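Structure in structure tokens, see below.
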Amino acid sequence: MPRSRPHRSRLGPSTAYDKLNAFYNETFHTLDAFCDIPGNEVEMFSDSLFIKGGDAASAITDIALVFSNLLRKGLLLRGAIVRGKLKFDTRLTKPNFAKRLPDDDTLARAAGLEKMQKGARFMIEPQLANELLNTVPDWRTHEGYLRSIRSSADESLRRICPTPDSTSFEYLYYWSCGVEIQEYATRIKDLKDIVAMCDKTSREHYEETIALIQRSGHRHKTTLERLAQ
């Protein structure tokens, strides 16, 4: 279950609305097919996005596409996916008094993991990442990935890698289907031009997003070069 939150705007209600409207529309169109699968659910409230489903391996590529599509529109999304389904404790309620008390720590783990890193990042809980990489265990480390880069596995698993500080895993979502190598430089330049106009707090989020794109491009390029040898 991932929980995501876009970068907020305080430039007035109309600007905030326009950003949230773009966030809602892009997410709806990107996850349209995902929602047609029985058991999958998407809930959006204010600037929060909650996605529930029973197949993380399949869902992760759809969610990654939300991140990359939003970034191309200038919207920074930060979120995390963890193992476990969000369920709520049975409570005494009334028709106009809903109580949604989570009955485990799934939501807390997703929220905590999301806040560990800055920038438009798609974090993956270590336990879940290790399960997803079960068929290619060497890919759980950078050196292991290079050592066994020719291993046969779902291509989407190549995007899962340890965070730079080795505290968790992240998904290199900008390396998505159809992305050409030259697009990384274009996106980085756009973000760098914005960074120069930002304060320290906003600058950190943009700089970490730039670093994420650079890592995505590096692994993409390295993979193509090594598989071609």
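The values are calculated or read from the model by the stated rules, or taken from the named source; none is laboratory data. Computed from a prediction, not measured in an experiment: that's the story for all the values here. Cβ: placed from backbone, ideal geometry, glycine included. Neighbour counts: every protein chain shown.
Could you go through the range 193-200 and let me know if any residue there is part of a loop (DSSP other than H, G, I, E, B), loosely packed, with under 13 Cβ neighbours inside 10 Å and acidic (Asp, Glu). Show your work before the answer.
As a first pass, look at the range 193-200 and keep what is part of a loop (DSSP other than H, G, I, E, B): 196-199.
With loosely packed, with under 13 Cβ neighbours inside 10 Å added as a condition, the list becomes 196-197, 199.
Filter once more, so that each one left must be acidic (Asp, Glu): 199.
Yes, there is a match, as at least one residue in the range 193-200 is part of a loop (DSSP other than H, G, I, E, B), loosely packed, with under 13 Cβ neighbours inside 10 Å and acidic (Asp, Glu).
Looking at the structure I just gave you, is residue 184 modelled with pLDDT of 95 or more and part of a helix (DSSP H, G or I)?
Details: modelled with pLDDT of 95 or more: no; part of a helix (DSSP H, G or I): yes.
Here the answer is no, as residue 184 does not meet what is asked.
Here is a list of conditions, (1) in a loop (DSSP other than H, G, I, E, B); (2) over 22 Å from residue 187 (Cα atoms); (3) of a type in the set (Lys, Arg), and residue 109 meets all of them except one; can you say which number that is?
Result: residue 109 passes all but (1).
Is at least one residue of the range 81-90 part of a loop (DSSP other than H, G, I, E, B), of a type in the set (Lys, Arg), over 15 Å from the mean Cα position of the chain (by Cα) and modelled with pLDDT under 90? Before you say what the answer is, go through the steps one by one.
Here is the first cut: in the range 81-90, the residues part of a loop (DSSP other than H, G, I, E, B) are 82-87, 89-90.
Checking the rest, the ones that are also of a type in the set (Lys, Arg) come to 83, 85, 87.
Filter once more, so that each one left must be over 15 Å from the mean Cα position of the chain (by Cα): 85, 87.
With the extra rule that they be modelled with pLDDT under 90, the set shrinks to 85, 87.
For the range 81-90, residues part of a loop (DSSP other than H, G, I, E, B), of a type in the set (Lys, Arg), over 15 Å from the mean Cα position of the chain (by Cα) and modelled with pLDDT under 90: present.
Follow-up question, since we're still on this one. Could you check the range 6-38 and list, in sequence order, the residues that are part of a loop (DSSP other than H, G, I, E, B), at pLDDT 90 or above and surrounded by 12 or more Cβ atoms within 10 Å (Cβ to Cβ)?
Kept after step one, since they are part of a loop (DSSP other than H, G, I, E, B), are these residues of the range 6-38: 7-12, 31, 36-38.
With the extra rule that they be at pLDDT 90 or above, the set shrinks to 31, 36-38.
31, 37, listed by residue number.
Separate question: For residue 87, all conditions in the list (1) buried (at least 16 other Cβ atoms within 10 Å of the Cβ); (2) out of contact with any Gly (no Cβ under 7 Å at 6 or more places or on another chain); (3) farther than 23 Å from residue 175 by Cα hold save one; what is the number of the exception?
Condition (1) is where residue 87 drops out.
Further, regarding this structure: Go through (1) charged (D, E, K, R); (2) farther than 23 Å from residue 155 by Cα; (3) in contact (Cβ under 8 Å) with a residue 12 or more places away in the chain for residue 221 and report which single condition fails.
(2)
Without any contact (Cβ under 8 Å) to a residue 12 or more places away in the chain, polar (S, T, N, Q) and surrounded by fewer than 18 Cβ atoms within 10 Å (Cβ to Cβ), is that true of residue 166? Let's see the steps before the verdict.
On the way: without any contact (Cβ under 8 Å) to a residue 12 or more places away in the chain: yes; polar (S, T, N, Q): yes; surrounded by fewer than 18 Cβ atoms within 10 Å (Cβ to Cβ): yes.
Yes, satisfied.
Another question, then. When residue 56 is evaluated against the numbered criteria (1) within 19 Å of residue 172 (Cβ to Cβ); (2) without any contact (Cβ under 8 Å) to a residue 24 or more places away in the chain, which criterion, by number, is the only one it fails?
The single condition residue 56 does not satisfy is (2).
While we're here: What pairs come out if I take residues in the range 139-163 that are over 13 Å from residue 227 (Cα atoms) and pair them with residues that are of a type in the set (Asp, Glu) whose C-beta lies under 8 Å away, six or more apart or interchain?
144/138; 160/170; 161/170; 162/170; 163/170
Considering only residues that are at pLDDT 90 or above and part of a loop (DSSP other than H, G, I, E, B), which ones fall in the range 39-49?
40
Got at least one residue in the range 142-151 being under 18 Å from the mean Cα position of the chain (by Cα) and either within 20 Å of residue 109 (Cα to Cα) or modelled with pLDDT of 95 or more (or both)? Outline the logic, then answer.
Taking the range 142-151 and keeping what is under 18 Å from the mean Cα position of the chain (by Cα), we get none.
Scanning the range 142-151 turns up no residue that is under 18 Å from the mean Cα position of the chain (by Cα) and either within 20 Å of residue 109 (Cα to Cα) or modelled with pLDDT of 95 or more (or both).
Kindly check whether there is at least one residue in the range 208-219 that is at pLDDT 95 or above, surrounded by fewer than 18 Cβ atoms within 10 Å (Cβ to Cβ) and among the β-branched types (Val, Ile, Thr).
no
So, of the residues in the range 118-162 that are of a type in the set (S, T, N, Q) and part of a helix (DSSP H, G or I), which turns out to be surrounded by the fewest Cβ atoms within 10 Å (Cβ to Cβ)? Walk me through how you get there before you give the answer.
At the first step, the residues of the range 118-162 found to be of a type in the set (S, T, N, Q) are 127, 130, 134-135, 141, 148, 151-152, 156.
Then drop every residue that is not part of a helix (DSSP H, G or I), which leaves 127, 130, 156.
Numbers: 127: 13, 130: 15, 156: 17.
Applying the filter and picking the extreme gives 127.
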